[in-house]
Amino acid sequence: MIASLRLAALILGLALAFAVSAQTDDLKEVSRLMKQGQNAQALERVNQYLATRPRDAQGRFMKGLILAEQNKVSEAIEVFSKLSQDYPELPEPYNNLAVLYAAQGQYEKARQALESSIRTHPSYATAYENLGDVYTKLASQAYDKALQFDSTNTAAQTKLHLIRDLISGTKAPPRISARAEPAKPAEPSRPAVVAAAPQAKAPESKAPETKPPMAAKAPAETKAPPSKAPERQPEKAAGATSEDVVAAVRAWAQAWARKDVDAYLSFYAHDFKTPKGEPRQEWAKSRRQRILAPKRIEVGLESIKVSAVNGNSATVSFRQHYRSDSLTANSSKTLVMVRAEGKWLIQQERVGN
């Protein structure tokens, strides 16, 4: 579902296919340089263009895209923020602003920007998709917070696992829009809503038929579990431990592959032993730079083995296949895991046998 947060990036999957309708030769050249990945030259050229046309929306929009592609998130946010203030009728700057906020983990700001985008253009599908990703991230944070205060809350644990499965099962990151031209008001969206209304009424006519049997079965179904729960609970907890560890390891690898740095770093325990003994903040900064540098990352895991599970600790070994646009590496890896705050976290990471 995170298509978020994919968002969900991390999140900056840039589609640089521009509609270059009434652009000048300068902007056409900027577009050509961007498509060829020559972002430094493109930025220089668009700055020259904007020097004589400082309020040009198309040029400013393209500059924001270039900065985002160069991972200059703060500068890109400034460009799209000012653009949305000067041209509040454009939905795309709000959408891209939201994607950049999400890349920094500022999901509440991302939500507000996406809602502004949708108010501007009610049938902007990309904004709706990204908004769904952001809501999923916010839900994950809320359930995680609930477990910090009450780690025995099984309902919150179940919901958090469902949310994380939803997040980890998505391949595409939240999308930045590469179109700087104003989107036309989408009148077709209204008939679609009207058409959906009659369909929503159909199930209501069947509801009275299904309610009697449901009511008759409810007492028998709710009484059975309490008497058996004390006998089955220990077995379920023991059997689910290894599966939960493996699920956590796979989610960690998927966050890495999505370039979702915040989610990736959240899998490391507070007392994580850094590989070279460097301070945690220094290690995290280095990992963020290495993950964001490539345009794409693939992380494959095979032969996952949970060799030791002891209460709230476990050891996991596997074969890791890493590939990016600049590096391919295969290695054996071992993770020492600990269970804290209702989830499995990495306490130590070793490469090699």
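The values are calculated or read from the model by the stated rules, or taken from the named source; none is laboratory data. Please read these numbers as outputs of a predicted model, since none were measured by experiment. All Cβ positions, even for glycine, are placed from backbone atoms using ideal geometry, and neighbour counts span all protein chains on display. Areas reflect the complete protein model, heavy atoms only, side chains present, ligands, DNA and RNA absent. Shrake-Rupley method; radii C 1.70, N 1.55, O 1.52, S 1.80 Å.
Report those helices (runs of 4 or more DSSP H) wholly inside the range 34-88 carrying at least 3 residues which are open to solvent by 80 Å² or more (accessible area, probe 1.4 Å) and more than 28 Å from Gln106 (Cα to Cα).
Values: elements: 39-52, 57-69, 73-86.
Filter on the range 34-88 gives 39-52.
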Out of (1) of a type outside the set (Lys, Arg); (2) outside any helix (DSSP H, G or I); (3) surrounded by 17 or more Cβ atoms within 10 Å (Cβ to Cβ), the odd one out for Pro122 is which?
(3)
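Looking only at the range 318-340, count every residue that is touching a Leu at 6+ places or on another chain (Cβ under 8 Å) and polar (S, T, N, Q) and tell me the total. Let's see the steps before the verdict.
First, the residues of the range 318-340 that are touching a Leu at 6+ places or on another chain (Cβ under 8 Å): 318-321, 337-339.
Keeping just the survivors that are polar (S, T, N, Q) gives 320.
The qualifying residues number 1.
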Among the residues of the range 245-266, the number that are in a helix (DSSP H, G or I) and farther than 20 Å from Arg296 by Cβ is 5
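Residue-by-condition table, conditions (1) open to solvent by 50 Å² or more (accessible area, probe 1.4 Å); (2) modelled with pLDDT of 90 or more; (3) touching a strand residue (DSSP E or B) at 6+ places or on another chain (Cβ under 8 Å); (4) closer than 17 Å to Gly105 by Cβ:
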{"position": "Glu243", "(1), (2), (3), (4)": "yes, no, no, no"}
{"position": "Ala263", "(1), (2), (3), (4)": "no, yes, no, yes"}
{"position": "Phe267", "(1), (2), (3), (4)": "no, yes, yes, yes"}
{"position": "Arg288", "(1), (2), (3), (4)": "yes, yes, no, yes"}
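Rundown of residues vs (1) polar (S, T, N, Q); (2) within 18 Å of Ala251 (Cβ to Cβ); (3) open to solvent by 40 Å² or more (accessible area, probe 1.4 Å), yes/no style:
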| position | (1), (2), (3) |
| --- | --- |
| Pro294 | no, no, no |
| Leu301 | no, yes, no |
| Phe318 | no, yes, no |
| Ser324 | yes, no, no |
| Gly342 | no, yes, no |
Picking from Ala215, Ala207, Ala237, the residue that is assigned to a helix (DSSP H, G or I), open to solvent by less than 60 Å² (accessible area, probe 1.4 Å) and modelled with pLDDT under 90 would be Ala207
